[in-house]
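What follows is calculated from the coordinates using simple rules that are stated; it is not laboratory data. Values in this document were obtained by computation on a predicted structure and should not be read as measured data. Counting neighbours? That spans all protein chains shown, and the Cβs are built from the backbone with ideal geometry, glycine included.
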Amino acid sequence: MNTHPNLRIATCALAASVLLASGCADLSPRQQGTATGAGIGAVAGALIGSATGGKAGTGAVIGGALGAVAGNLWSKRMEDRRVAMEQATRGTNVEVSRTADNQLKLNIPNDISFDTGSAAIKPQLRAVLDPFANSLRNDPNARISIVGHTDNTGSEAVNDPLSVERARSVRDYLETRGVPDARIETAGRGEREPIADNSTEAGRAQNRRVEIFLRETAAG
């Protein structure tokens, strides 16, 4: 019986993923998850290529890259951090969530973080950042991304640097609490990524925010 070339590639990718999973016994749980995810991604890519008439080999490569991200494990430590941060931020309007790519996300509204037009951290924000920093100090695999945002009030010439300075203020505070600078990256998005309607005060208040993302990397 003749077999379609794309189907043969998908079958090979599936077999490879099975072998990959069986060969992961000596890896850490996180490494196992990443490796298995890569294999599953390759299968998904191959099958997508087959179903759409595209090049299944290319699809397998792309799927493998995506699978490696999807395969990152949400460890017990990350779940413990999520629960601890939910408790620490109760009543503050800070949103604590797990992202689709297994990062811990803190969405911190402007009312507890910064005064209008200022990059100076409010005391309420310190109460959020202190327990967060405590959970990171002795974790060499933790990586943090801090992103500042503004509403559309004012010009980009003001909003862009303000959003950057707010992100850097959070970074600087975490450093004073023992989190190494090398583990932190910052960015400012100004008014370019609103999550609510800037035509209302309530919407603008939601858009004035700082987002903190925490991810764990596999030990090198």
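Relative contact order, whole percent, for segment 76-216 stands at 31, derived from Cα pairs under 8 Å and 6 or more residues apart. Placing +1 on the Cβ of every Lys and Arg and -1 on the Cβ of every Asp and Glu, with nothing else charged, gives segment 76-216 a dipole about its Cα centre of roughly 500 debye. Within segment 76-216, the proportion of Cα pairs with more than 21 Å between them is 38 percent. Distance between the pseudo-spin-label points of Ala182 and Ala84 (7 Å out from Cα toward the beta carbon): 2.3 nm.
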